[in-house]
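Shown next, in structure tokens, is the structure this report addresses.
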Amino acid sequence: MSTGAGQPSAALALLPPAGRLERKSLSHRTGDEHTTPAIMAPPLHAALRTRAKLRGVATTRRSYAVIGDPVEHSLSPRIFSRFFAELGIDAHYTAMRTLPDELPQAIERVRRGALSGLSLTIPHKEAAVELVDAIHPAAARIGAVNCVWRTPSGHVQGFNTDAAGFRLSLEGAQIRLAAARVVLLGAGGAARAAAFATVAGGAKGLSIVNRDRERAQVLGLDLVASGRAWPEGELLRRWEGGERVAPGHSPDRALGGPSGKCFVASAPLEEESIAQALLHADILVNATSVGLGDPTADPLPAGCVLGPRLSVLDMVYRPTQTALLRRARAGGAKVIDGLWMLLHQANEQLRLWTGRMAPPSLLSELHGQLALEFA
């Protein structure tokens, strides 16, 4: 298991410090779909609230929550409570089970100020894109929001911190995306974040493996439409056949040439095709839920070989030692458990909400404690 924590200051360029966002001019309420630039106001820091208290000015403790279904397994309340305590931030964080049809009401609670921000997990990351008032361009490209916060003016802004968490987890283990060949299992919200981070990080190739082949190909077409990826195989045939843009997305630029781009292909969830992709792979990423709560479940067919040239990141963090990671370690591969990505993406959310970040030493301490508990 990797022991490096990475450096939060090296946050993924996909998620720059608070800056311009695309504002959907309250489209969910007015039907107006046009976008205009919006400057995000900085969050109110805990230090400012502390000074206000000293001056006798009333302050309100901020409340945050993680929403999902299920959400009972989430470690986010423990992580953020520790962040707040160690950094002296006067805030509260809890978990709220939220069904899909309850998501609009949860977002509205942020808009009204009942909550200052939300972390979003399965199954809400993609649906939230259409419910926020403004969205960071990276989150818009990824098509998934896992973090929202309320501006002083009452607008709800959406971000994606999974991409930063993914890259920082690799960097903490001294694994480079640049020129790497990556095999990605999954095509959901977290997988999309990893895929966009992969092409932005300069990877040489990306094979997307998913049980739903169409969903994998839609992700591949979105990557090509971003201008940073070159389609291979069936993706190239679909692109040349006129499917230049996946439904609901717009290309950043024309296809152009392949030079300097990440070659992207999709593959079925079959032993032969996955084994072939793994032959030349440098990094394997599991972005599916296979293994969550089941230490015997393995997302890969039995015949796939995980050798010493491979680095394996499993986003599942409960248990931390999944069947996939045990298998990879037995084959000599370097392994990164899902706790690292969870901690790094949470730290990015903390930065967005408060302007503060937990130091690497705290991330390492938290990782060690949680890894022992959920091994």
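The values are calculated or read from the model by the stated rules, or taken from the named source; none is laboratory data. In this text the structure is predicted, and so the values were computed from the model without any measurement. Neighbour counts run over all protein chains shown; Cβ positions are idealised from the backbone, glycine included. To get the accessible areas, we keep the full protein, side chains included, count just its heavy atoms, and leave off ligands, DNA and RNA. Shrake-Rupley method; radii C 1.70, N 1.55, O 1.52, S 1.80 Å.
Does Ser81 meet the test of being closer than 26 Å to Pro319 by Cβ, touching a strand residue (DSSP E or B) at 6+ places or on another chain (Cβ under 9 Å), of a type in the set (S, T, N, Q) and modelled with pLDDT of 95 or more? I'd like the intermediate steps shown before the answer.
Details: closer than 26 Å to Pro319 by Cβ: yes; touching a strand residue (DSSP E or B) at 6+ places or on another chain (Cβ under 9 Å): yes; of a type in the set (S, T, N, Q): yes; modelled with pLDDT of 95 or more: yes.
The answer is yes for Ser81.
Condition test on Ala95, is it of a type in the set (Gly, Ala, Ser) and touching a Pro at 6+ places or on another chain (Cβ under 7 Å)? Give the steps one after another, and end with the answer.
On the way: of a type in the set (Gly, Ala, Ser): yes; touching a Pro at 6+ places or on another chain (Cβ under 7 Å): yes.
The answer is yes for Ala95.
Out of (1) under 21 Å from the mean Cα position of the chain (by Cα); (2) at pLDDT below 90; (3) open to solvent by 60 Å² or more (accessible area, probe 1.4 Å), what's the single condition that is false for Arg228?
Every condition holds for Arg228 apart from (2).
Right, Ala144: of a type in the set (A, V, I, L, M) and at pLDDT below 95 or not?
yes
Which residue pairs have Cβ atoms under 6 Å apart, sit 6 or more places apart or on different chains, and have a first residue in the stretch 80-92 that is in a loop (DSSP other than H, G, I, E, B) and a second that is open to solvent by 30 Å² or more (accessible area, probe 1.4 Å)?
Pairs that qualify, where the first residue is in a loop (DSSP other than H, G, I, E, B) and the partner is open to solvent by 30 Å² or more (accessible area, probe 1.4 Å), are Asp90/Arg61.
Has the stretch 19-31 got any residue that is modelled with pLDDT of 95 or more, open to solvent by 40 Å² or more (accessible area, probe 1.4 Å), in a helix (DSSP H, G or I) and in contact with a helix residue (DSSP H, G or I) (Cβ under 9 Å, 6 or more places away or on another chain)?
No; the residues of the stretch 19-31 include none that is modelled with pLDDT of 95 or more, open to solvent by 40 Å² or more (accessible area, probe 1.4 Å), in a helix (DSSP H, G or I) and in contact with a helix residue (DSSP H, G or I) (Cβ under 9 Å, 6 or more places away or on another chain).
Looking only at the stretch 108-122, filter to residues that are of a type outside the set (Gly, Ala, Ser) and within 18 Å of Pro77 (Cα to Cα); which one of those is surrounded by the fewest Cβ atoms within 10 Å (Cβ to Cβ)?
So the residue we want is Ile122.
Among the residues of the stretch 263-290, write down those that are within 16 Å of Cys304 (Cα to Cα), surrounded by 14 or more Cβ atoms within 10 Å (Cβ to Cβ), over 21 Å from the mean Cα position of the chain (by Cα) and among the hydrophobic types (A, V, I, L, M, F, W, C).
Of everything in the stretch 263-290, those that are within 16 Å of Cys304 (Cα to Cα), surrounded by 14 or more Cβ atoms within 10 Å (Cβ to Cβ), over 21 Å from the mean Cα position of the chain (by Cα) and among the hydrophobic types (A, V, I, L, M, F, W, C) turn out to be Ala267, Leu269, Ile274, Ala275, Ala277, Leu278, Ala281.
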